[in-house]
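The values are calculated or read from the model by the stated rules, or taken from the named source; none is laboratory data. These numbers were taken from a predicted model, which means no experiment stands behind them. Every residue, glycine among them, receives a Cβ derived from its backbone with ideal geometry; neighbour counts consider all protein chains shown.
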Amino acid sequence: MKWISAIIKPFKLDEVRMALNAVGVQGLTVSDVKGFGRQKGHTELYRGAEYVVDFLPKVKIEVAVQDDMLDTAITAIEEAAATGKIGDGKIFVFDLLRAVRIRTRESGTAAI
């Protein structure tokens, strides 16, 4: 099993969710996060005063998949989240040692 953590632009969330659903990914967790990379923030004007926004709003999607679904899920995220511009985000993949569904106590791939 693998754990995919993807940081994307907020307005791409629905497209990514639909793309993952279309390839058979059943559940995901979404968090609002802030960060910066190559975008390095920007300057905004508020009530006549300029201030720098260092951390830009992003969305973090986390999903557990079976090993054979990994490449399909990554491709779905890449295609749905891409705008071709700086700040599209990143995808991180981790080994998932164990998953347990609390309600039924199922373990392993049956739990995801």
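What the table below lists for this structure:
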| read-out | value |
| --- | --- |
| Scope the stretch 77-89; condition outside any loop (DSSP other than H, G, I, E, B) and either more than 16 Å from E15 (Cα to Cα) or in contact with a helix residue (DSSP H, G or I) (Cβ under 8 Å, 6 or more places away or on another chain) (or both); matching residues | I77, E79, A80, A81, G89 |
| Search result, residues across the stretch 63-90 that are farther than 23 Å from R38 by Cα, over 13 Å from the mean Cα position of the chain (by Cα) and of a type in the set (A, V, I, L, M, F, W, C) | V65, M69, L70 |
| Residues within the stretch 53-76 that are outside any helix (DSSP H, G or I) and either at pLDDT 95 or above or not aromatic (F, W, Y) (or both), tallied | 13 |
| Qualifying residues in the stretch 1-30 (those that are within 28 Å of F55 (Cβ to Cβ) and among the polar types (S, T, N, Q)) - the one surrounded by the fewest Cβ atoms within 10 Å (Cβ to Cβ) | T29 |
| Complete set of residues in the stretch 76-95 that are surrounded by 14 or more Cβ atoms within 10 Å (Cβ to Cβ) and touching a residue at least 24 places away in the same chain (Cβ under 8 Å) | A76, I77, A80, A81, G87, D88, G89, I91, V93 |
| Pairs where the first residue, in the stretch 7-35, is within 9 Å of K60 (Cα to Cα) and the second is basic (K, R), C-beta under 6 Å, 6+ apart | I7/K58; I7/K60; I7/K90; S31/K60; V33/K58; V33/K60 |
